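Novice: Below you'll find the structure I mean.
The values are calculated or read from the model by the stated rules, or taken from the named source; none is laboratory data. In this text the structure is predicted, and so the values were computed from the model without any measurement. Note: ideal-geometry Cβ built from the backbone for every residue, glycine included; neighbour counts use all protein chains shown. Quick note on the areas: whole protein, heavy atoms, side chains included, nothing else; ligands and nucleic acids left out. Shrake-Rupley method; radii C 1.70, N 1.55, O 1.52, S 1.80 Å.
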Amino acid sequence: MTSLTAPNSLGIKSLLGAELLDRGQIDKIIKTAFAFKAASENASPDTVFKNSPLKGKTVALVFFEDSTRTRISFEVAAKRLGANTLIFSPSNSSTKKGETLFDTARTLEAMKPDVIVLRHPSAGTPYHFDQILKVPVVNAGDGFHEHPTQALLDLMTIQEFKGKVEGRNVLIIGDIAHSRVARSNIYALQTMGAKVRVCGPPTLLPPKVENLGVEVFWNLEEAVKGQDVVMLLRIQFERFAGAQAPSKSEYARFFGLNARTIGLCEKDALIMHPGPMNRGLELSTEVADGPQSVILSQVANGVMLRMAVLHLLVGGEVLGGKRG
Ligand code: CP
């Protein structure tokens, strides 16, 4: 399951999972993302960064699952680096006629994209594409396995608002069992020296979750104490397969952040959510839109982070100044 070493500064062909990234690679990606952010702040929104090796290349966006943030931010990122995009949508593709994943992958590669960004409901599909194709693959979410670019943009956002990730206390609340965002964040946060707690109903925590090196809490009031960051997760009803779960009202009462429970958190704790949010369930509107929320900063940083990933994978140089 390892990628071929490629002549880029990350030393990897594909970005498949946060578990596979070391501290140096994460530093390079986030530093480059901050450099694109700084350059964007002094530029109009439609500025194309012409010096990237992505200019004139093609990024294939292959999403077998719905997405707003990830798909659009990769599209914006590719275009801002001067690339073209090739959009694959399963609902009007030949997968509906029975074409296999293997043949779909090989067919897409024959159209000569320079990078494939792939989201798929089955864990491991980006690894499969990486094994059978020569083109770099970016995992944009595979089942409930990993979502590495989400974790990286989350780390970038923590660094932006808290100065650094190392030594920070990060609490992840909710449906850890079905969350690729949680898994990627646990790996990346720990690699960068953060301490991670998880909290949720026992039925939504994976078995032996403590083996991932996290502290486990079932009680929100206890869990939020001393936390610099509180990361909420969407309850993924579409991934429940007869699983026992609390009712929505029970969940909101015991694990939701609202006008009362936000008061249990540290006053300067960042409130994060990868989106899409279930308002009234994981968090109330006053928390989602409140002064501690950095949810829209996460979205904005997603474009910069994905620019950095695309730029570095195709051989762009590591950019950046003070941060990272
Ligand atoms: N956070 C995230 O992956 O959102 P989308 O499903 O909208 O891409």
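Novice: Could you work out the relative contact order of the chain? I mean the mean sequence separation of Cα pairs under 8 Å and 6+ apart, divided by the number of residues, in percent. Can you show the working numbers first?
Specialist: Working: 632 pairs, mean separation 78.3, N = 324.
In percent, rounded to a whole number, it is 24.
Novice: Please turn the phi angles of the range 294-309 into ³J(HN,Hα) values with the Karplus equation 6.51 cos²θ - 1.76 cosθ + 1.60 (θ = phi - 60°), one per residue in order, whole Hz, x for glycine and proline.
Specialist: Ordered by residue, 3J(HN,Hα) equals 10, 5, 6, 5, 4, 5, 5, 5, x, 5, 5, 5, 6, 4, 4, 4 Hz.
Novice: Once phi is turned into θ = phi - 60°, what whole-Hz ³J(HN,Hα) does the Karplus curve with 6.51, -1.76 and 1.60 give for every residue of the range 161-175, x standing for Gly and Pro?
Specialist: 8, 10, x, 7, 9, 4, x, 6, 9, 10, 10, 10, 10, x, 7
Novice: Work out how much length Glu221 to Glu99 would gain on full extension: take 0.36 nm times their residue separation and subtract the Cα-Cα distance, in nm to one decimal.
Specialist: Details: separation 122, 0.36 × 122 = 43.92 nm, distance 5.03 nm.
Contour length minus Cα-Cα distance gives 38.9 nm.
Novice: Evaluate E = 1/(1 + (r/R0)^6) for Glu286 and Asp66, where r is the Cβ-Cβ distance and R0 equals 25 Å; express this FRET efficiency to the nearest 0.05. Please report the intermediate quantities before stating the final value.
Specialist: Details: r = 28 Å, r/R0 = 1.10.
Result of the calculation: an efficiency of 0.35.
Novice: Leaving ligands, DNA and RNA out of it, rank His128, His145 by accessible area with a 1.4 Å probe, largest first.
Specialist: Listed by decreasing accessible area, they come as His128, His145.
Novice: Okay, moving on. Search the structure for amide H atoms under 5 Å from the amide H of Phe63, placed 1.01 Å from N in the peptide plane, and list their residues when 5 or more places away or on another chain.
Specialist: When sequence neighbours closer than 5 places are left aside, the close amide H contacts are Phe88, Arg119.
Novice: To test your reading of the geometry: what angle, between 0 and 90 degrees and rounded to tens, separates the Cα axis of helix 69-80 from the longest principal axis of the chain?
Specialist: 40 degrees
Novice: When the accessible area of the chain is split by element with a 1.4 Å probe, what percent falls to carbon and sulfur? Present the calculation step by step, with values, prior to reporting the outcome.
Specialist: Details: 7240 of 13890 Å².
Roughly 52 percent, rounded to a whole number.
Novice: Right, something else. Taking θ = phi - 60°, what integer Hz values does the Karplus form 6.51 cos²θ - 1.76 cosθ + 1.60 yield along the range 132-146, in sequence order, with x for Gly and Pro?
Specialist: Per-residue couplings from phi come out as 9, 10, 8, 6, x, 10, 10, 6, 9, x, 10, x, 9, 8, 8 Hz.
Novice: Please compute the per residue accessible area over the chain with all protein chains in place, 1.4 Å probe, rounded to a whole number of Å². Provide the component values of the computation, followed by the final result.
Specialist: Values: 13890 Å² over 324 residues.
Result: 43 Å² per residue.
Novice: Mind checking which aspartates and glutamates have their C-alpha under 12 Å from Lys55, skipping anything on the same chain fewer than 8 residues away?
Specialist: Asp114
Novice: List the residues whose amide H sits under 5 Å from the amide H of Asn84, counting only those 5 or more places along or on another chain, with H placed 1.01 Å from N in the peptide plane.
Specialist: The list, which skips near neighbours in sequence, is Gly56, Lys57, Thr58, Val59.
Novice: On full extension of the chain, what length is gained from Leu296 through Ser249, given 0.36 nm per residue of separation minus the C-alpha to C-alpha distance?
Specialist: 14.3 nm
Novice: Here's a follow-up. My understanding is that a pair violates if its Cα-Cα distance is over 18 Å; which of Lys28/Lys134; Lys162/Lys195; Lys195/Lys248; Lys57/Lys112; Lys97/Lys134 do that in this structure? Before the final figure, lay out the partial values.
Specialist: Details: Lys28/Lys134 23 Å; Lys162/Lys195 14 Å; Lys195/Lys248 29 Å; Lys57/Lys112 9 Å; Lys97/Lys134 26 Å.
Listed pairs above 18 Å: Lys28/Lys134; Lys195/Lys248; Lys97/Lys134.
Novice: Would you mind checking which residues have amide H under 5 Å from Ile172's amide H? H placed 1.01 Å from N; only 5 or more apart, or other chain.
Specialist: Arg197, Val198, Cys199, Met231
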